[in-house]
Each structure stands twice: as structure tokens, then as C-alpha cells.
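Please read the structure below before turning to the comments.
The values are calculated or read from the model by the stated rules, or taken from the named source; none is laboratory data. Computed from a predicted model, the values in this text were never measured in an experiment. Backbone-built Cβ (ideal geometry, glycine too); neighbour counts: all protein chains shown.
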Amino acid sequence: MAGYDRHITVFSQEGRLFQVEYATKAVNEPGFTAIGVRGADSVVLVVQKKVPDKLLDPTSVTHLFTINEKLGCVTIGSVPDAKCVVKRARYEAAEFEYKNGYSIPVQHMAHRTANVAQMYTQHAFMRALGVVTLFAGIDEERGPSLYRVDPAGLCRGFKACGVGTKDQEANNFLEKKIKANSSMTFDETIETAIIALQNCVGADLKPNDLEVAVVTTKDPKFKALSTEEIDTHLNRISDRD
């Protein structure tokens, strides 16, 4: 591989782009895991929350971002790169609504973000963004929608998805849950996402250790749950166990 990882546009002899692979590995560097689950009438995003310094205001530390009123996302990876992705996504959403008169569909938003990420792998003067993004929203035609965008520009829709350090463990757990119940209610969707995160982290999480965002067909506004609401679901999970 000597020399083939110097430029992002040069293939190795095995046909690999090492710079893109490095960007994918950079996603796991912060040590966070996020879960996205799509239910029958809702989409839920759950992510770990760690405040690195006791002097920091916890409300200023987040991985959940609102793109517009009906669309939001969670980012895992480099925080500066995540800021770049979110800023571009908000611009795309605002421009689409201005030109067309209605909110941008989740699928279109994900594909636009993926196109930008893919463009960053085509030019030697750019570098791939070390961030994975999960978009969640309610589509007027498709209903609840969950899409994942990778550093390479790959965009796909998911019923449930785990990203970050423990993504493989999360996906194995979610695959069994979705197979057993593919049409989850709102509460089941939230609790499945929280249990999946607890399972791959290997510990019981407190309300302050979690960020949860939801969007439903009844209330298509993307919003984050309060600590009290998260605590209610955690208590329900512990009581059931």
C-alpha cells in the first residue's frame, strides 16, 4: 500500500481507496454509537451523550441536529465534519422549500448529502468527511423514513440501523428485533432503540447518558425528548425486565 494512501483519487493495486477507508475508520474514533429505528408510525434516533469536561454546559453537547421543522439527523464521527454536513443539509432543505413550496423529502435530502460526500472523494484538493449521518423524518408519500449516508457517499434506507463504534453488535440485535416485530408502535420503537444501545454498550444507561429524538405521523415535527421523558421509558424497560 506504500504510496497509494497519499492521494484520495489514486486506486491501489487491489482497487482500494485508502483515504476513503481512513475516513470510515475516523467515524469510530470518538467512541460513540447511535441507533435509528423506524416503526409503523414513527422514527426514533438514540445516541450516547458524554460531556468531556465538568465545566461544560451539558445542553451545548449534542449529536442530534434539526435540519428543518420536519427533518432531523444524528451524526457520528468528527464534530467539525458533522457541522459541515449539517450546515449544507440545512442550506439544501431551505433552498428546496423555497423553490418548491413544500418540505424536502427525507430520501431527497439523504441523496443530496450523499452526492456532496461522494464529490469529496473525486478531487485531490478535498478530503472525505469523517462522519456518518442518519436522517429521520416523515415522508408524505413513503411515511416514516430512515436513511444513512456514509463518508464514501453511499446512501441507503433502513428499517433500523446502528452506526459508530459498536455498529455490528447493534445491527445484529436490531435484525432479530425487526424480524420478530416489523411494525412497532411508538413506545416499542423508542424502547427497542434504547435497549439496542444498552445492549451494545454493555451497561444500563441513565437519562443524562442518552439523547433521544423522535418524529411521528401524528406530530411530524422533529423533536428531542426531555430527560424526564427518557427516564419514563428507562423505568418502563427496567420494570419489564
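Restricting to region 148-179, and then to whatever is more than 22 Å from SER42 (Cβ to Cβ) and hydrophobic (A, V, I, L, M, F, W, C), can you tell me which residue is surrounded by the most Cβ atoms within 10 Å (Cβ to Cβ)?
ALA152
Considering only region 36-55, I want to know if a residue exists there that is of a type outside the set (A, V, I, L, M, F, W, C) and at positive phi.
Of all residues in region 36-55, those of a type outside the set (A, V, I, L, M, F, W, C) come to 36, 38-39, 41-42, 48-50, 52-54.
Okay, now just the ones that are also at positive phi, so none.
Scanning region 36-55, I find no residue that is of a type outside the set (A, V, I, L, M, F, W, C) and at positive phi, so the answer is no.
Quick one: in region 1-26, which of the residues that are of a type in the set (Lys, Arg) and within 29 Å of the chain's Cα centre (by Cα) is modelled with the lowest pLDDT? Break it down stepwise before answering.
Going residue by residue through region 1-26, those that are of a type in the set (Lys, Arg) are 6, 16, 25.
Pick out the ones that are also within 29 Å of the chain's Cα centre (by Cα) and you get 16, 25.
Numbers: ARG16: 84, LYS25: 91.
Taking the candidates together, the pick is ARG16.
Suppose we keep only residues that are farther than 17 Å from ARG148 by Cβ and of a type in the set (S, T, N, Q) within region 1-43. Which one would you say is surrounded by the most Cβ atoms within 10 Å (Cβ to Cβ)?
SER42
Which of the residues that make up region 56-85 are of a type in the set (Val, Ile, Thr) and touching a Cys at 6+ places or on another chain (Cβ under 7 Å)?
First pass over region 56-85, keeping only residues of a type in the set (Val, Ile, Thr): 59, 61-62, 66-67, 74-76, 79, 85.
The answer is ILE67, and nothing else.
The rows are residues; the columns are (1) hydrophobic (A, V, I, L, M, F, W, C); (2) at pLDDT below 95.
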site: LYS70; (1), (2): no, yes
site: CYS73; (1), (2): yes, no
site: VAL79; (1), (2): yes, yes
site: LYS87; (1), (2): no, no
site: TYR91; (1), (2): no, no
site: LYS99; (1), (2): no, no
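Tally up the residues in region 123-152 that are more than 14 Å from the chain's Cα centre (by Cα), assigned to a loop (DSSP other than H, G, I, E, B) and in contact (Cβ under 8 Å) with a residue 24 or more places away in the chain, please.
Here the count works out to 10.
Can you tell me which of (1) exposed (fewer than 14 other Cβ atoms within 10 Å of the Cβ); (2) touching a helix residue (DSSP H, G or I) at 6+ places or on another chain (Cβ under 8 Å); (3) under 22 Å from ARG38 (Cα atoms) is the one SER226 doesn't meet?
Looking at each condition in turn, SER226 falls short on (2).
Report, by residue number, each residue of region 153-183 that is among the small types (Gly, Ala, Ser) and over 12 Å from the mean Cα position of the chain (by Cα).
GLY153, ALA170, ALA180, SER182, SER183
Within region 209-241, which residues are at pLDDT 90 or above, among the basic types (Lys, Arg) and more than 16 Å from HIS63 (Cα to Cα)?
Residues satisfying the conditions are LYS218, LYS221.
I'd like the full set of residues that are part of a helix (DSSP H, G or I) and either over 12 Å from THR121 (Cβ atoms) or in contact with a His (Cβ under 9 Å, 6 or more places away or on another chain) (or both), limited to region 1-22. Give the steps one after another, and end with the answer.
We begin by selecting, within region 1-22, every residue part of a helix (DSSP H, G or I); these are 18-22.
If the condition is that a residue be part of a helix (DSSP H, G or I) and either over 12 Å from THR121 (Cβ atoms) or in contact with a His (Cβ under 9 Å, 6 or more places away or on another chain) (or both), then GLN19 is the only one that fits.
Given the structure, is GLY101 surrounded by fewer than 20 Cβ atoms within 10 Å (Cβ to Cβ), in contact with a Leu (Cβ under 7 Å, 6 or more places away or on another chain) and not hydrophobic (A, V, I, L, M, F, W, C)?
Numbers: surrounded by fewer than 20 Cβ atoms within 10 Å (Cβ to Cβ): yes; in contact with a Leu (Cβ under 7 Å, 6 or more places away or on another chain): no; not hydrophobic (A, V, I, L, M, F, W, C): yes.
No, not satisfied.
Could you tell me how many of the residues in region 190-215 are touching a Phe, Trp or Tyr at 6+ places or on another chain (Cβ under 6 Å) and buried (at least 19 other Cβ atoms within 10 Å of the Cβ)?
2
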